[in-house]
Amino acid sequence: MRQPVRFVPLGASEEASRARWLAPLSVMIGSLVTILPFIAGFAWLPPFGLLLLVGWRLHRADTLKVWAAVPLGLFDDMFSGQPLGSAMLLWTLCFIAIDILDTRLVWRDYWQDWLIASGSIAFCLIFGRLIATPLDAHVETTLVLQIFISAALFPLITRYCAWLDRDTRG
């Protein structure tokens, strides 16, 4: 028996290929924000690479594969000053957790995405702190502030990912 012919709109493959290279590129540029010369008394700058990674994953799951967190985490580790391998491990664990949640949840809305992203960001920041700094260092206040700022910025990051993913054909 013959398979029915599927009609694909013109430019659909171009749009998919554009998102495939644009998502990792935007995550890498987000990771490079840490090399800008900001002068601050404490670490308040959110992890833009992680925010963009989670934003792309929750916006369009097909743009980044689960294994993409490993090379993007390595890139972030090289420029953020974290111990080598920490972002690779933590970002991959977040991706796996989001994939498990995707199989369990039939339907997600905006608030659930925000909650999932906030939990993922908090997980990465807390365990990144445990890996990078000694336990007797008192950085809990700045860590909570960084988690709060990151969670508050996530809707803007999601809008930015949707804006990058827009249809440019007019």
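Things worth noting here:
- Judged by the ratio a/c of the largest to the smallest principal axis of the C-alpha gyration tensor, segment 39-87 counts as oblate, that ratio being 1.5 or greater while a/b is no larger than b/c.
- Highest-first arrangement of 46-55, 149-158, 117-126, where packing means the average Cβ count within 10 Å: 46-55, 117-126, 149-158
- With every protein chain in place, segment 46-169: carbon and sulfur % of accessible area (1.4 Å): 71 percent
- Excluding ligands, DNA and RNA, the accessible surface per residue across segment 115-156 is 56 Å² with a 1.4 Å probe.
- Average accessible area per residue (Å²) across segment 30-78 - probe 1.4 Å, nucleic acids and ligands excluded: 47 Å²
The values are calculated or read from the model by the stated rules, or taken from the named source; none is laboratory data. Keep in mind the model is a prediction, meaning the values are calculated, not measured. Cβ coordinates were reconstructed from backbone atoms using ideal geometry, including for glycine residues, and neighbour counts include every protein chain displayed. Only protein heavy atoms, including side chains, enter the accessible area calculation; ligands, DNA and RNA are left aside. Shrake-Rupley method; radii C 1.70, N 1.55, O 1.52, S 1.80 Å.
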